[in-house]
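Some notes on the structure that comes next.
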Amino acid sequence: MLRRDFVIRLPLAAGWLSTAGLSGCVSTPYLSPITAAGDLRVPLGAIPVGGAFVRTGGAQPLFVSLDAAGDPHAVSSRCTHRGCQVEPAGERLVCPCHGSAFDRSGRVLEGPAEDPLERVPARIEGDDLVLDVAERGRDIGSGR
Ligand code: FES
């Protein structure tokens, strides 16, 4: 291979690798819940191991997951530092804006955020994860 060919092909190969890497990533799904008697319901089967976002009609979705014991967790995805949306990264929820990290139940692991993510009562009923948003309506995570 000529040096010129190598110089041309290297960036192309790097581009393919990064594209292949991205296409290999599993993005977190956004689920649309069913509303029933003031609660939001999501089929348990729709929640992957890594968790899912649930649209609530508010500014930012909730993040729901099941822990190793099968207990549900639901938190606002609105970072308590300045309001960016946190993203799952392994067992943590990480804010892309300034790096705060939370556990799946919303506790602060790393700042600059000082306050936990807003928790939403969640329970399992039959085949559904039920989110009790009745008290707050759909404004959870809006910062109000
Ligand atoms: Fe999340 Fe600043 S907004 S760390």
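What the table below lists for this structure:
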{"quantity": "Spherically averaged projected area of the stretch 35-109 from its Cα convex hull (nm²)", "calculated": "5.3 nm²"}
{"quantity": "Neighbour-count ranking [beta-carbon atoms within 10 angstrom, fewest first] of Leu109, Leu31", "calculated": "Leu109, Leu31"}
{"quantity": "Sorted by Cβ density within 10 Å, fewest first, the residues Val86, Val108", "calculated": "Val108, Val86"}
{"quantity": "Sites Asp71 and His98, calculated FRET efficiency, Cβ-Cβ separation with R0 30 Å, nearest 0.05", "calculated": "0.55"}
{"quantity": "Dipole magnitude of the stretch 48-138, debye to nearest 20 (Cβ charges: Lys/Arg +1, Asp/Glu -1, about Cα centre)", "calculated": "340 debye"}
{"quantity": "Burial ordering of Glu87, Glu118, Glu125, fewest other beta-carbon atoms within 10 Å first", "calculated": "Glu125, Glu87, Glu118"}
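All of the numbers you see were taken from the coordinates with simple rules; none came from a lab. This is a predicted model, so every value here is computed, not measured. Virtual Cβ from ideal backbone geometry, glycine too; neighbours counted across all protein chains shown.
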